[in-house]
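Colleague: The structure that follows is given in the form of structure tokens.
The values are calculated or read from the model by the stated rules, or taken from the named source; none is laboratory data. Since the structure is predicted, the reported quantities are computational estimates derived from the model, not experimental observations. We place every Cβ from the backbone using ideal geometry, glycine too, and count neighbours over all the protein chains shown. Only protein heavy atoms, including side chains, enter the accessible area calculation; ligands, DNA and RNA are left aside. Shrake-Rupley method; radii C 1.70, N 1.55, O 1.52, S 1.80 Å.
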Amino acid sequence: MQAMYFPIFKAKDAEFDALHEAKQHIASSMIPLFDVPKFNPELKKYQNDSHAKATFLSEISTKIGKLRFGMPVMFDTYHWQHPNERVESGEHHLSYLYNTLKSDGVIAIPVVGYDRWDDEEYRLALRSIARNHSGKFCIRLDRFAFEDINDPEHFHDRLSEIIDSLEIIPANCHVILDLQDLSEMAIPDMISQFDSLFLAITDYGFATYSVAGCSLPNSIDKAVKQKDSTGSLLRREMVLWKYAREHYPAHQIHFGDYGVRGPSTTEIGYGNTNAKIRYTIDNEYFIVRGHKIEKPIGGFQHCALARILMDSKYYLSPDFSWGDNEIKRCSENKLGGGATTWIKIDTSHHVAYVVLEIAEFERNRVSKALNLA
């Protein structure tokens, strides 16, 4: 099945576990980009490891290999503080990760960060990868690219340098237009930014594109203000993608998002976070918000939230996804869970719903075009 969904996920266990439970047609309908989290040398497991950074990256690679063996995967370290960081052997962390992913059996697609291109060691690492890489590349155009397009000469010089330096063949390259945090962006501004950047790069002849962003704010109280209540949040990234498909039908523009937690979201520890279920529906998230998770009930507060969701008009069925079945089990008081558990459950439903939503939109678009012909 041709990939239709290009999500950006944190390379963490909750996302790995959710994708592990995805049905085969869901898994084959996506090409995920895994953003590797910052390495934390303070963790006890790495204290006595003389190659701790390499161990960390190898562990992530192994998990991705088990999840996506023989399948394409994009990888990036966007949130690392230093783009020139090396593992203990002296090898750049990106080339090390690329080689371990290949060894673990995945089709590794290197991601080139427009924002980090100024760093010399970052450029050299990507050139090293490019010399041994015969597959696809991905160029990630983030907020810096959206800002730089106001200076077209600078933008095109930089993008052309990336292509020429890495000897990228545009017809074998995917481009992500990553708007990142959309939680406070007005829809007209979002569309205007997309149009400006997309129209500036179409002449390069890139094979495929995806548009990505996340409408979920970094705190649940910004989405649903009142505790123990429900609310709906517009998924602006889906609105933007549908606009792009309708206005630029000749180009292969795919959908991307950040799943159920945004690019800058960090889950705080147990006892300091609110219980919540983020349930993906058409163009929106239906959010059931509880209150602070505290003893003695703890994560079992989610049981009441699950019952509210199941009694709503939005819940599909326990057979729709692994996550939907877990919601049913939770409603029966068979599980509770904290933030990580519910990222896993919410992500499971989300990817299954998004793949269905994309396919349905494309069917309707084609049908409409045929009727107008």
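Colleague: Rounded, prolate or oblate for the chain? Axes are the square roots of the Cα gyration tensor eigenvalues, ordered a ≥ b ≥ c, and the cut-off for rounded is a/c under 1.5.
Modeller: Oblate.
Colleague: Going by Cα centres, the range 41-105 and the range 345-373 are how many Å apart?
Modeller: After rounding, the separation between the Cα centres reads 34 Å.
Colleague: Based on the alpha carbons, how large is the Rg to Rh ratio for the range 71-125 when Rh follows Kirkwood? Please list the in-between numbers first.
Modeller: Numbers: Rg = 11.2 Å, Rh = 11.7 Å.
Result for the range 71-125 is an Rg/Rh of 0.96.
Colleague: Right, next: Find, to one decimal place in angstroms, the Kirkwood hydrodynamic radius of the range 1-84, where the mean of 1/r is taken over every pair of different Cα atoms and then inverted.
Modeller: Hydrodynamic radius (Kirkwood, Cα only) of the range 1-84 equals 13.9 Å.
Colleague: Return the tail of the calculated pair distribution for the range 207-323, meaning the percent of Cα-Cα pairs more than 23 Å apart.
Modeller: For the range 207-323, the fraction of Cα-Cα distances above 23 Å is 39 percent.
Colleague: Principal axis lengths of the range 1-160 from Cα atoms, whole Å, largest first?
Modeller: Sorted from largest, the Cα extents of the range 1-160 read 45, 43, 28 Å.
Colleague: In whole Å, largest first, what are the principal axis extents of the Cα atoms in the range 260-373?
Modeller: 63, 33, 19
Colleague: Right, next: With r defined as the distance between the Cβ atoms of Asp119 and Tyr204 and R0 fixed at 30 Å, what FRET efficiency is calculated, to the nearest 0.05?
Modeller: Numbers: r = 23 Å, r/R0 = 0.77.
Efficiency, rounded to the nearest 0.05: 0.85.
Colleague: Sticking with this structure for a sec: Please list the non-local residues whose amide H lies under 5 Å from the amide H of Ile281, H modeled 1.01 Å from N, same-chain partners needing a gap of 5 or more.
Modeller: Phe286
Colleague: Counting only heavy atoms of protein chains, what accessible area per residue, in Å², does the chain have with a probe of 1.4 Å?
Modeller: For the chain, the per-residue accessible area is 45 Å².
Colleague: So how long is each side of the range 116-193 along the principal axes, counting just the alpha-carbon atoms, biggest first, in Å?
Modeller: 43, 24, 22
Colleague: Follow-up question, since we're still on this one. Considering the Cα positions of the range 146-273, please state its Rg to one decimal place and its Dmax as a whole number of Å.
Modeller: Every Cα atom of the range 146-273 included, Rg and Dmax give 17.3, 55 Å.
Colleague: A further question follows. If you look at just the Cα atoms of the range 1-41, how large are its Rg and its Dmax in Å?
Modeller: When restricted to Cα atoms, the range 1-41 yields Rg and Dmax of 11.6, 40 Å.
Colleague: Moving to a separate point now. Can you tell me what the convex hull of the Cα atoms of the range 314-357 projects to on average, as an area in nm²?
Modeller: Quarter of the Cα hull surface area: 3.0 nm².
Colleague: Moving to a separate point now. From the phi angles alone, apply the Karplus equation (6.51, -1.76, 1.60; θ = phi - 60°) to the range 152-166 and give each ³J(HN,Hα) in whole Hz, x where the residue is Gly or Pro.
Modeller: Karplus-based 3J(HN,Hα) across the range 152-166 equals x, 4, 5, 4, 5, 4, 5, 5, 5, 5, 4, 5, 6, 5, 8 Hz.
Colleague: Here's a follow-up. Multiply the residue separation of Lys242 and Ser128 by 0.36 nm, subtract the distance between their alpha-carbon atoms, and state the gained length in nm to one decimal.
Modeller: Answer, rounded to one decimal: 37.3 nm.
Colleague: Report the extension gain between Thr55 and Lys334 in nm, rounded to one decimal, defined as 0.36 nm multiplied by the number of residues separating them, less their alpha carbon distance.
Modeller: Stretched out fully, the Thr55 to Lys334 stretch lengthens by 96.9 nm.
Colleague: So what's the back-of-envelope 222 nm ellipticity for the chain, counting only DSSP H runs of four-plus at -39500 (n - 2.57) apiece and dividing by all residues, rounded to 500?
Modeller: Result for the chain: -13000 deg cm²/dmol, rounded to the nearest 500.
Colleague: On the protein heavy atoms, probe 1.4 angstrom, tell me the percent of accessible surface of the range 75-168 carried by carbon and sulfur.
Modeller: With neighbouring chains kept in place, the figure for the range 75-168 is 41 percent.
Colleague: Please report, in Å, the Rg and the Dmax of the range 106-160, where both are computed over Cα atoms only.
Modeller: 12.4, 38
Colleague: With θ set to phi - 60°, apply the Karplus curve 6.51 cos²θ - 1.76 cosθ + 1.60 along the range 75-82 and write out the HN-Hα couplings as whole Hz, x wherever there is a Gly or Pro.
Modeller: For the range 75-82, the Karplus-derived couplings read 9, 7, 10, 4, 8, 6, 5, 10 Hz, x marking Gly and Pro.
Colleague: Another one. Given Cα pairs under 8 Å that are at least 6 residues apart, what percent is the relative contact order of the chain? Write out the running numbers ahead of the final one.
Modeller: Details: 654 pairs, mean separation 55.7, N = 373.
Reported as a whole number, the value is 15 percent.
Colleague: Between Glu294 and Ser165, how high is the FRET efficiency from 1/(1 + (r/R0)^6) when r is the Cβ-Cβ distance and R₀ = 51 Å? Nearest 0.05.
Modeller: Numbers: r = 54 Å, r/R0 = 1.05.
Calculated transfer efficiency: 0.40.
Colleague: Apply the Karplus parameterisation 6.51 cos²θ - 1.76 cosθ + 1.60, with θ equal to phi minus 60°, to every residue of the range 128-137 and state each ³J(HN,Hα) to the nearest whole Hz, in sequence, with x for glycine and proline.
Modeller: Coupling constants for the range 128-137: 4, 4, 4, 4, 10, 10, 10, x, 6, 10 Hz.
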